[in-house]
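These notes are about the structure you will find just below.
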Amino acid sequence: MPKRPLLIALAVLLLDRITKWAIRQTIPLEDAINIIPGLFRLTHLENTGAAFSLFADSSSPFRTALLIAFSVAALAVVSVLLWKDRGTFHSGTLALSLILGGAIGNLWDRLAEGKVTDFLDFYIGAHHWPPFNIADSAIVVGALLLLLRMFRKEQRSQTL
């Protein structure tokens, strides 16, 4: 795998690790600091589910093992795709690098603690977006970049 994708994934991983550590050190569990009242706060939550608290309410004894298995499978697929495209760097490579770094960040937490620290909390009044972290953000941005790349290719092939 070329250096640039690895450096991007490493940057995501380091930013994720540092921010989660800082939150755990400065904000008590389930407490929050308002940053923009009525819109954004930093919280300290522990998520046993997937990104954006999906499956957090599941009582399955296999939940964590399945989430770890899914993460490992996703890492394998992303790694193979990056390896296959190692000669070039483009928006797809950037997207896969972001996904790789984010997936490793959340897998690290899940393997070490069985849960993931979430702290970015956006809301308007009583309406909350599920809290998330840097790794979740990188995965979502990477997925959106891949979708955008696919739509662009599809549009180009339709105009030819």
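Quick notes
- Residue ranges 113-124, 97-108, 34-45 sort as 97-108, 113-124, 34-45 when ordered by packing (mean number of other C-beta atoms within 10 Å per residue, highest first).
- At R0 = 22 Å, FRET efficiency that the Cβ-Cβ distance of VAL140 and LYS3 yields, to 0.05: 0.35
- Between the listed residues LEU39, THR117, VAL12, the Cα displaced farthest toward the positive end of the dipole of the chain, a dipole computed from Cβ unit charges relative to the Cα centre, is found at VAL12.
- Once you reduce region 70-139 and region 6-48 to the center of their Cα atoms, the two points are 14 Å from each other.
- Rounded to the nearest 10 degrees, the angle from helix 91-113 to the longest Cα principal axis of the chain is 40 degrees.
- Theoretical ellipticity at 222 nm over the chain - DSSP helices of four or more residues, -39500 (n - 2.57) apiece, nearest 500: -21000 deg cm²/dmol
- Spacing of the modelled spin labels on TRP21 and MET150, each 7 Å from Cα toward Cβ, amounts to 3.6 nm.
- Helix 3-26 and the long axis of the chain differ in direction by around 0°, with both axes built from C-alpha atoms.
- Matching label, volume of the Cα convex hull per residue in Å³ computed from the structure shown, candidates (i) 99; (ii) 144; (iii) 189: (ii)
- Rounded to 10°, Cα long-axis angle of helix 63-84 versus longest principal axis of the chain: 30 degrees
Bear in mind these aren't lab numbers, they're just calculated from the coordinates by the rules spelled out. This structure is a prediction, so every number in the text was calculated from the model and none was measured. Counting neighbours? That spans all protein chains shown, and the Cβs are built from the backbone with ideal geometry, glycine included.
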